[in-house]
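K.L.:
Before I ask anything, here is the structure I am working with.
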Amino acid sequence: MLKINNLHVSVGDKPILKGLTLDVPAGEVHAIMGPNGAGKSTLGYALSGRPGYEATEGAVSWKGDDLLGLDPAERAARGVFLSFQYPLEIPGVPAMTFIRTALNAQKRARGEEEVSAPAFLKMVRAASSALKMDFDMLKRPLNVGFSGGEKKRMEILQMALLEPSLLILDETDSGLDIDALRIVSEGVNALRSPERSMLVITHYQRLLDYIKPDRVHVLAAGRIVASGGPELAHQLEAEGYDRYVAEAA
Amino acid sequence: MNALPLIDLKDASSFPSRRVEAWKYSDLRKVLREAPAPSPSAAVPVVGGGPFEALGGEAMVFVNGRAVGVDTLMAAGTQTLRLRFISRAEGTGHAATARISARAGAKLLLLETHEGSGSAYVAHNRLELDVARGAEVIRVVLVEEPADAISVTQAEVRVEAGGVYRQTVLTTGAKLQRIETQLLHFAQGADVRLDGAYALAGERHADLTTVVDHVAADGLTSQMTKGVVRDTARGVFQGKIIVERGADGTDARMQHHALILGERGEIDAKPELIIYADDVQCAHGNTVGNLDESALFYMQQRGIPAEEARALLVEAFLIEVVDRIAHDGAREVARTWLTDRL
């Protein structure tokens with residue numbers, strides 16, 4: 001399981017997370033909701049090890065490993081996957097090459113056997129058709145010229161192929177229309193399993209109609225200020241974050 | 001007015017210094033104060049057929065400046081020529097000139113390699129190339145030389161009406177290395193592409209200079225040069241396009257993009273468009289930067305270790321130039337050649 005204890009993270013000299021504590025047991029889906037500027041994206045970056053997001057205090061352990069002591073690729077090999085709010089474009093690297101390189105790098109790091117090109121091709125065909133993706137898109141440079149919806153679908157495809165055990169979805173619904181949202185959510189839901197933990201970071205409750213959380217946490221001013229069941233998300237949607245922002249300040 | 005200075009290896013006073021505008025980033029005189037002693041003519045056995053051996057065709061070979069066989073070719077029909085400038089010298093200098101023309105309607109695949117070994121030599125290689133009416137020439141140049149070599153390669157290319165010329169230069173640099181192309185759009189409707197890629201490490205220096213003169217109407221010029229420098233290496237790109245009075249309908253585009261990996265590398269880029277005609281389209285773009293840190297993090301987040309991610313991005317950046325090579329076989333050789341040297 002994921003255990004975050006009293007995590008403080010600064011970006012530059014600016015403290016963003018100020019004592020965040022959170023446990024996500026295996027198999028559970030937890031939503032992190034909060035106003036703009038609360039530190040939601042920072043949490044995702046800090047867990048995945050983005051340079052410049054420095055943990056100044058506290059601890060994060062994932063399946064017993066101290067995550068903060070690992071570089072981003074090592075964390076990925078241990079199952080950490082951050083789905084980006086704005087997935088990056090990688091010019092010149094075809095999507096398929098990218099994913100296969102990533103998969104085999106992870107397997108090498110774990111001491112597993114690499115996947116051969118034909119076996120990988122088979123995996124990609126199955127996974128892309130499940131997501132209703134045009135296979136030719138995978139031959140194009142990753143995310144270059146893709147629409148917002150296509151980029152998010154590409155993120156889900158990567159999840160399906162890399163099979164991470166800790167999924168962090170950062171504002172996965174942003175820029176998606178209803179149809180794309182449904183397809184993406186179905187993709188995420190298909191990955192729910194007793195071994196996999198998910199952290200769904202979102203500003204709006206909308207996404208949680210599609211990806212039903214076990215627990216909902218409110219992040220304000222760098223800390224978790226309230227936790228509850230799925231009903232908390234509806235309450236936030238009705239009442240807004242003002243109360244929590246005022247309390248946190 | 002637009003001609004680049006002539007160099008004669010036997011005459012040190014012909015070596016341009018940085019005070020000559022066209023050589024200001026590649027000070028030849030600074031690294032070569034005296035005329036080098038001539039390289040020995042002792043027969044050096046030519047082993048193998050060079051990097052393009054697998055593509056067959058005829059060969060024109062120069063060893064230490066001396067032609068082993070012919071130094072002139074008139075191409076007709078469809079032909080492949082491997083033009084090899086081989087340097088095997090220690091501290092000496094040599095010069096060679098190859099004269100090649102593609103007759104009207106000919107298709108010539110010109111595979112040029114600069115194969116240097118030994119050390120501290122000075123090489124001056126010239127190519128005079130005529131592309132006749134309706135002829136098509138693809139010239140792919142691979143340059144590999146020792147880190148302490150000095151070399152100047154000068155190509156003068158004349159393209160006649162409706163001629164097609166495609167050039168791609170790939171190099172890893174040398175102590176001071178200049179690869180010049182002077183191209184003349186001599187008659188209407190020539191279609192020209194001048195591409196290049198440099199990957200430099202250590203203290204290497206490569207200078208890709210082109211001067212394209214549109215004197216006739218409806219000429220097309222498309223240039224894409226990309227480069228990567230590491231350590232204290234220095235990359236130079238100078239691209240000059242002149243559109244003379246009357247060269248209406250000219251369409252000329254020039255791009256140069258470079259990455260500086262490391263704190264002490266240097267790129268000097270000088271794009272110039274000089275336009276005397278009215279009805280023309282000209283554009284140039286030039287960028288120098290570092291690898292995109294966000295993209296690097298994204299790749300690492302997916303499990304690709306930092307070094308591997310960097311290498312993948314650098315290769316993808318440069319390979320765009322290779323992808324533009326119109327001949328399949330030559331493109332694959334060039335791709336392997338380049339990726340092996342990154």
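K.L.:
Two-decimal Rg/Rh of the range A:177-249 from alpha-carbon positions, Kirkwood Rh? Could the numbers behind the result be given before it?
P.N.:
Details: Rg = 13.5 Å, Rh = 13.5 Å.
Rounded to two decimals, Rg over Rh is 1.01.
K.L.:
Counting residues in chain A as N, plug N into 2.2 N^0.38 Å and put the Cα Rg over that result.
P.N.:
Working: Rg = 17.9 Å, N = 249, 2.2 N^0.38 = 17.9 Å.
It is 1.00.
K.L.:
Structure shown: which of A:Lys14/A:Lys212; B:Lys24/B:Lys107; A:Lys18/A:Lys107; B:Lys10/B:Lys240 lie over 30 Å apart, alpha-carbon to alpha-carbon?
P.N.:
Details: A:Lys14/A:Lys212 33 Å; B:Lys24/B:Lys107 37 Å; A:Lys18/A:Lys107 35 Å; B:Lys10/B:Lys240 28 Å.
Beyond 30 Å between Cα atoms: A:Lys14/A:Lys212; B:Lys24/B:Lys107; A:Lys18/A:Lys107.
K.L.:
Multiply the residue gap between B:Arg245 and B:Val31 by 0.36 nm, knock off their C-alpha separation, and tell me the result in nm, one decimal place.
P.N.:
Length gained between B:Arg245 and B:Val31: 73.1 nm.
K.L.:
Using the Cα atoms of the range B:258-342 to build a convex hull, what is its mean projected area in square nanometres?
P.N.:
8.6 nm²
K.L.:
Once the piece of chain linking B:Glu307 and B:Val215 is laid out straight, how much longer is it, given 0.36 nm per residue of separation minus the C-alpha distance between them?
P.N.:
Details: separation 92, 0.36 × 92 = 33.12 nm, distance 4.78 nm.
Extending this stretch completely gives an extra 28.3 nm.
K.L.:
Counting other C-beta atoms within 10 Å, which of A:Asp71, A:Asp13, B:Asp191 has the fewest, and how do the rest follow? Don't skip to the answer; put the middle values down first.
P.N.:
Working: A:Asp71 13, A:Asp13 6, B:Asp191 19.
Ascending number of Cβ neighbours within 10 Å: A:Asp13, A:Asp71, B:Asp191.
K.L.:
With n ≥ 4 as the cut-off for DSSP H runs, can you work out [θ] at 222 nm for chain B, using -39500 (n - 2.57) per run divided by the number of residues, rounded to the nearest 500? Intermediate results must be reported in sequence, preceding the final value.
P.N.:
On the way: 4 runs with 43 residues, N = 342.
So the calculated ellipticity at 222 nm is -4000 deg cm²/dmol.
K.L.:
Dividing the alpha-carbon Rg of the range B:1-108 by 2.2 N^0.38 Å yields what?
P.N.:
Values: Rg = 17.1 Å, N = 108, 2.2 N^0.38 = 13.0 Å.
The reported ratio for this selection is 1.31.
K.L.:
So in the protein assembly as shown, what percent of DSSP beta bridges are antiparallel if you round to the nearest 5?
P.N.:
Working: 28 of 183 bridges.
Looking only at bridges with both residues in the protein assembly as shown, the antiparallel portion is about 15 percent.
K.L.:
For a Förster distance of 45 Å, can you work out the FRET efficiency between the beta-carbons of A:Glu186 and B:Asp340, rounded to the nearest 0.05? Intermediate results must be reported in sequence, preceding the final value.
P.N.:
Working: r = 44 Å, r/R0 = 0.98.
The computed FRET efficiency comes out at 0.50.
K.L.:
Also, I was wondering about something else. What number, rounded to the nearest 500 deg cm²/dmol, is the helix-based mean residue ellipticity at 222 nm of chain A, given -39500 (n - 2.57) per DSSP H run of at least four residues and division by all its residues? Intermediate values should be presented prior to the final figure.
P.N.:
Numbers: 9 runs with 93 residues, N = 249.
Helix contribution divided over all residues of chain A: -11000 deg cm²/dmol.
K.L.:
Can you find, among B:Ser39, B:Thr78, B:Ala217, the residue farthest towards the positive end of the dipole of the range B:39-290? Put +1 on the C-beta of Lys and Arg, -1 on that of Asp and Glu.
P.N.:
B:Ser39
K.L.:
Please sort by residue number the trypsin sites (Lys or Arg not before Pro) in the range B:300-331 whose DSSP state is loop and whose Cβ has at most 15 other Cβ atoms within 10 Å.
P.N.:
Answer in residue order: B:Arg324.
K.L.:
Using alpha carbons only, how many angstrom separate the centre of the range B:99-137 from the centre of the range B:266-321?
P.N.:
28 Å
K.L.:
Hey, could you pull the Cα Rg and Dmax for the range A:126-249, both in Å?
P.N.:
Using the Cα atoms of the range A:126-249, the pair Rg, Dmax is 16.2, 51 Å.
K.L.:
Say the cut-off is 20 Å between C-alpha atoms; which of A:Lys3/A:Lys151; A:Lys151/B:Lys226; B:Lys30/B:Lys175 go over it?
P.N.:
Working: A:Lys3/A:Lys151 30 Å; A:Lys151/B:Lys226 28 Å; B:Lys30/B:Lys175 12 Å.
Listed pairs above 20 Å: A:Lys3/A:Lys151; A:Lys151/B:Lys226.
K.L.:
DSSP loop (so not H, G, I, E, B), at most 14 other Cβ within 10 Å: list which GluC sites (Glu not before Pro) in the range A:87-165 pass both filters. Intermediate results must be reported in sequence, preceding the final value.
P.N.:
Working: sites: A:Glu89, A:Glu112, A:Glu113, A:Glu114, A:Glu150, A:Glu155; in loops: A:Glu89, A:Glu112, A:Glu113, A:Glu114.
Here the sparse-neighbourhood loop sites are A:Glu112, A:Glu113, A:Glu114.
K.L.:
Taking only the alpha-carbon positions of the range B:131-264 and ignoring solvent, what does the Debye formula give for the base-10 log of I(q)/I(0) at q = 0.09, 0.13, 0.20 Å⁻¹?
P.N.:
Debye output, listed in q order: -0.28, -0.54, -1.03.
K.L.:
Suppose R0 equals 60 Å. What FRET efficiency, 1/(1 + (r/R0)^6) with r the Cβ-Cβ distance, do A:Leu131 and B:Glu272 give to the nearest 0.05? Walk me through the numbers on the way to the answer.
P.N.:
Numbers: r = 49 Å, r/R0 = 0.82.
Given R0 = 60 Å and the Cβ-Cβ separation, E is 0.75.
K.L.:
Calculate log10 I(q)/I(0) of the range B:39-290 for q = 0.07, 0.09, 0.17 Å⁻¹, where I(q) comes from the Debye formula with a single equal point scatterer on each Cα and nothing for solvent.
P.N.:
Taking Cα atoms of the range B:39-290 as identical point scatterers yields -0.24, -0.39, -1.25.
K.L.:
Given Cβ point charges of +1 (Lys, Arg) and -1 (Asp, Glu) and nothing else, what value in debye, to the nearest 20, does the dipole of the range A:137-182 about its Cα centre take?
P.N.:
280 debye
K.L.:
Could you tally the net charge around A:Met1, taking each other residue with its Cβ under 12 Å from the Cβ of A:Met1, Lys/Arg +1 and Asp/Glu -1? All intermediate terms of the calculation are to be shown ahead of the outcome.
P.N.:
Numbers: positive: A:Lys3, A:Lys63, A:Arg196; negative: A:Asp23, A:Glu28, A:Asp65, A:Glu195.
Here the charged neighbours net out to -1.
K.L.:
Looking at chain A, send over the antiparallel percent of its DSSP beta bridges, to the nearest 5. Walk me through the numbers on the way to the answer.
P.N.:
Working: 24 of 42 bridges.
Here the share of antiparallel DSSP bridges comes out near 55 percent.
K.L.:
For the range A:34-137, what is the Kirkwood hydrodynamic radius in Å, using each pair of distinct C-alpha atoms? Each step should come with its number before you reach the end.
P.N.:
Values: mean 1/r = 0.0622 Å⁻¹.
For the range A:34-137, the Kirkwood estimate is 16.1 Å.
K.L.:
Okay, moving on. Counting DSSP beta bridges with both partners in chain B, what percentage is antiparallel, nearest 5? Show your work: numbers first, answer last.
P.N.:
Values: 4 of 141 bridges.
If we restrict to bridges inside chain B, about 5 percent are antiparallel.
K.L.:
Right, here's the next one. Taking a cut-off of 41 Å, what percent of all Cα-Cα pairs in the protein assembly as shown are separated by more than that?
P.N.:
On the way: 69456 of 174345 pairs.
The answer is 40 percent, as a whole percent.
We did not get these values from a lab; they are worked out from the coordinates using the rules stated. What you are looking at is a predicted structure, and each value in this text was computed from that prediction instead of being measured. Counting neighbours? That spans all protein chains shown, and the Cβs are built from the backbone with ideal geometry, glycine included.
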